[in-house]
Each structure stands twice: as C-alpha cells, then as structure tokens.
Amino acid sequence: MLPLGIMVVAGLVLMLKKDISWIQPPTQRSVAPSDVAPETTLSELYAVAAAVPELEMTSWTAFDRIDIRSDRGIAKFIAENRWEVQIDLVTLEILSLEYRRSDLFEQIHDGSFFGKGVKTFVFLPVGVILLMLWATGIWLFVEPYLKRWKRKKRRARRA
C-alpha cells in the first residue's frame, strides 16, 4: 500500500505542475516580436546559461536537458541539480531562474527516486496490480447491467 500511496500523491502533485509555480516554473515569453527569427547560436545560449552560478555548470554534459520553445522564443536549460534558467532566444536575456521540483516528483511517482531495483520490482508490480484492480472493478460494475439486459432479452423472446 505504501508504494501505491506514494504513486498517487506524487501523481496528484504532477497534475498541478503547470498551475503551481513552486512545482514547475512557468514558461516565460520572449520580449522580442514573435516574427523575428533568432540568430542566436547554441554556443551563445550555453555561454549565458553556464555563467549562472546556481546551475553549477562544469561542462556541456552537466545539463540534464535543453528545451527550446520556438513558439515562445525561449530556451530552457535544466541542470542536473534541478535549477532551470529560461533565456530569450533573441536578446539572450535571462527571463527566469528558478528551482524545478517537477522532475523530482516524476522520479518519486515512477519509483526511480528509490533506485532501479525498487522501480522495477516494487513500483512496476504495484502499477500492474492497480491496472488489474481497475479492470476487474469495471467488470464488477458492468456485470449486473449485462445480466439484467440478458434477462430482459430472454423475457422478450418468451413473450
């Protein structure tokens, strides 16, 4: 029951990640007009992000991921220490620097926070068992209606 409770609570938190900035920083918008194509290179973006002390960058590979949002004109650099910087693609201005907790909640939700063995041998079976309970619950809900429908159909044939 404990892994299931952890999965449910973390899942509920993840459902609210776009609504609560404490969980995941809101995605900013570029200050430049949207019809202006950025001429910024990836190395220029990296230089700006690497200069942010909170990200603790030691090399290019220290970034967990880079997310370029062309519709918003920004690039998100997410470090392994979960700090996120959002940089304007045109002006190279830092639009946001915040701690990102959503990735931690995702790791808790899927069990990888506790280790690969726990994810595979505890959380995965709990998820499979939950799926089976869901399916059998649907069957137990639908079965009485099917029986009534079959009974009505038999009575209609007799009459």
What is the residue count in region 72-98 for residues that are of a type outside the set (Lys, Arg) and in contact (Cβ under 8 Å) with a residue 40 or more places away in the chain? 16
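Quick grid of which residues meet (1) touching a Leu at 6+ places or on another chain (Cβ under 9 Å); (2) assigned by TED's automatic domain parsing to the domain that holds Val128; (3) within 26 Å of Lys119 (Cα to Cα):
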{"residue": "Ile6", "(1), (2), (3)": "no, yes, yes"}
{"residue": "Asp19", "(1), (2), (3)": "no, yes, no"}
{"residue": "Ser34", "(1), (2), (3)": "no, no, no"}
{"residue": "Thr40", "(1), (2), (3)": "yes, no, no"}
{"residue": "Val48", "(1), (2), (3)": "yes, no, no"}
{"residue": "Val52", "(1), (2), (3)": "yes, no, no"}
{"residue": "Ile66", "(1), (2), (3)": "yes, no, yes"}
{"residue": "Ala79", "(1), (2), (3)": "yes, no, yes"}
{"residue": "Ile87", "(1), (2), (3)": "yes, no, no"}
Scan region 45-61 and give yes if some residue there is modelled with pLDDT under 95, of a type outside the set (Gly, Ala, Ser), under 30 Å from Leu124 (Cβ atoms) and not in a loop (DSSP other than H, G, I, E, B), otherwise no. yes
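Looking at region 115-159, which of its residues are under 21 Å from Met1 (Cβ atoms) and of a type in the set (Ser, Thr, Tyr)?
Matches in region 115-159: Thr120, Thr136.
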For region 28-42, indicate whether the set of residues that are part of a strand (DSSP E or B) and farther than 30 Å from Ile6 by Cβ is non-empty. no
Check on Trp134, in the same structural domain as Gly5 (by TED's automatic domain parsing), part of a helix (DSSP H, G or I), closer than 30 Å to Lys17 by Cβ and not acidic (Asp, Glu): yes
For the subset of region 1-39 comprising residues that are under 17 Å from Glu93 (Cβ atoms) and β-branched (Val, Ile, Thr), which member is surrounded by the most Cβ atoms within 10 Å (Cβ to Cβ)? Thr27
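The values are calculated or read from the model by the stated rules, or taken from the named source; none is laboratory data. None of the values given here were measured: they were computed from a predicted structure. Here Cβ is always computed from backbone atoms with ideal geometry, including for glycine, and neighbour counts include all displayed protein chains.
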